[in-house]
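Please read the structure below before turning to the comments.
The values are calculated or read from the model by the stated rules, or taken from the named source; none is laboratory data. What you see is a predicted model, and the numbers here were worked out from it, not measured in a lab. Cβ sites come from the backbone with ideal geometry, for glycine too, and all protein chains shown count toward neighbours. Just the protein is used for accessible areas: all its heavy atoms, side chains included, with ligands, DNA and RNA removed. Shrake-Rupley method; radii C 1.70, N 1.55, O 1.52, S 1.80 Å.
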Amino acid sequence: MLQGFLVAVAAAIALSYTFGYSYLFKGIRETYLRGTTGSSIDDGTYFPSHTIAKGVPIPWKKDSTYNKKSLPKDFVEDLKNAKTASFLVIKNGKLVHEEYWDGYMQTSKTNSFSMAKPVTVMLVGKAIEEKKITGFNAKFSDFFENYKNIEFGKNLTLRNLAEMEAGLNWDENYNNPFLPNAKAYYGKSLEEAVLLRGFKAEPGTKFEYQSGATQLLGFALRKSLNKTIAEYASEKLWQPLGMEQNAEWNTDDFGMEKTFCCINATSRDFAKLGQLFLQDGIFNGEQILNKSIIEEMHMPTKLSNGAYGMGLWINNDSATKHYYFRGLYGQYIIIIPEKNMVIVRTGMNKNENLDQKGRPKEVEKYVHEAVKIFD
């Protein structure tokens with residue numbers, strides 16, 4: 001019986017490597033063998049990474065009312081039930097509320113998950129501003145010539161990738177370990193997981209949220225630089241924004257950043273990204289990112305039914321209009337222009353309630369509560 005069991009295990013391992021599923025072993029090691037059932041906001045240290053180095057820190061100024069107004073008890077209970085790690089509110093450029101739970105604190109770095117997507121778009125925008133890339137209408141095949149020979153590939157633009165209109169052969173499923181998200185997250189090679197996927201539709205004809213699209217955008221960005229994407233993020237965002245801590249951007253085994261995911265940073269530093277949008281790309285008197293890029297990113301697209309721009313989710317249907325960075329399990333940087341307010345929420349909410357446009361209803365609730373208390 002033991003011999004038969006060992007033969008079966010050996011056969012399973014051989015088959016997994018033959019059919020490209022060897023990443024499952026890392027997935028099992030970094031989840032079940034650590035006592036969890038999936039990815040988490042504390043995953044960062046289990047993967048290789050590049051440092052996004054800070055420069056001279058510029059700490060947040062605290063408002064005179066900082067932490068003097070308590071969140072309502074029922075709202076706090078909702079946050080706790082949703083396994084919230086942090087909840088921060090910035091009003092008029094100053095920190096008015098900052099609260100942490102479950103052992104997380106001001107210096108805790110957590111996984112951004114898909115909040116990295118708009119960061120990638122921001123960096124592409126910066127590369128366009130610096131003429132390293134001709135524009136969002138540039139063809140992906142300008143960076144990877146073989147795409148000219150792939151069906152639909154020759155028509156793919158960077159804009160299609162940023163707006164989630166790429167038409168990739170990609171099923172955005174976080175629960176099935178045999179689908180591409182798991183391979184991109186746990187696998188050794190992003191090139192193997194993403195670059196060879198192919199297409200199922202003509203780019204620019206349908207909105208479909210696909211992590212592979214932002215990873216392709218990252219490949220194009222990396223090819224336009226003479227440095228890593230993390231180094232570019234440090235130079236163009238972390239240093240000029242006066243981030244308080246270094247961040248870590250997880251990579252595959254070959255040093256390619258997971259641009260669809262996985263910037264590990266503090267909530268205070270995440271909030272700086274939101275503040276940059278609120279101030280039209282200006283921070284500390286310096287134009288960090290061109291205003292036109294900022295505006296383009298939060299301009300809703302027709303194919304998304306007004307719910308998405310370029311990396312950012314948008315809710316102009318709400319009584320208080322807002323747009324936001326969004327990551328798996330409820331990582332949010334929420335920008336509320338009319339209230340001059342930024343909200344950051346991190347945590348492990350696995351039960352988001354979505355509206356008809358695929359947006360989490362929790363975000364609108366956070367906006368409503370923060371405006372009611374701090375406006």
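Quick notes on this one:
- Environment charge of Val96, counting only residues whose C-beta is closer than 12 Å and scoring Lys/Arg +1, Asp/Glu -1: +3
- Accessible surface ranking for His368, His298, His97, 1.4 angstrom probe, highest first: His368, His298, His97.
- Computed helical MRE - 222 nm, the chain, DSSP H runs ≥ 4 contributing -39500 (n - 2.57), nearest 500: -8500 deg cm²/dmol
- Cα-based radius of gyration for the chain, normalised by 2.2 N^0.38 Å, reads 0.99.
- Of the residues Thr134, Thr110, ranked by 1.4 Å probe accessible area with the largest first, the sequence reads Thr134, Thr110.
- For Thr251, net neighbour charge (Lys/Arg +1, Asp/Glu -1) across residues whose Cβ lies under 10 Å away: -3
- Accessible surface for the chain, divided over its residues, is 44 Å² per residue with a 1.4 Å probe.
- With a Förster radius of 41 Å applied to the C-beta separation of Trp101 and Lys131, the computed FRET efficiency comes to 0.35.
- Neighbourhood net charge (11 Å Cβ-Cβ; Lys/Arg +1, Asp/Glu -1) for Lys321: -2
- Here the relative contact order of the chain, from alpha carbon pairs under 8 Å that lie six or more residues apart, stands at 23 percent.
- Ordering of 267-276, 66-75, 172-181, 299-308 by burial proxy (mean other Cβ atoms within 10 Å per residue, highest first): 267-276, 299-308, 172-181, 66-75
- When only the Cβ of Lys, Arg, Asp and Glu is charged (+1, +1, -1, -1), the dipole of region 179-301 relative to its Cα centre reaches about 280 debye.
- Global geometry of region 181-305, whether rounded, prolate or oblate, following the gyration tensor of its Cα atoms and the 1.5 cut on a/c: oblate
- GNM remark for the chain: springs join alpha carbons under 10 Å apart, and the peak mean-square fluctuation among Asp42, Asp171, Asp355 falls on Asp355.
- Each peptide in 86-94, 192-200 was scored by the mean count of other Cβ atoms within 10 Å over its residues; highest first, the order is 86-94, 192-200.
- Share of carbon and sulfur in the accessible heavy-atom surface of the chain [1.4 Å probe, %]: 50 percent
- Within the listed set Val56, Val119, Val344, the Gaussian network model of the chain (springs between alpha-carbon atoms below 10 Å) gives the highest mean-square fluctuation for Val56.
- Hypothetical label at Asn67: residues of region 245-260 whose amide nitrogen lies under 20 Å (7 Å Cα-Cβ projection): 245
- Computed lengthening from Lys80 to Asp280, 0.36 nm per intervening residue step minus Cα-Cα distance: 68.7 nm
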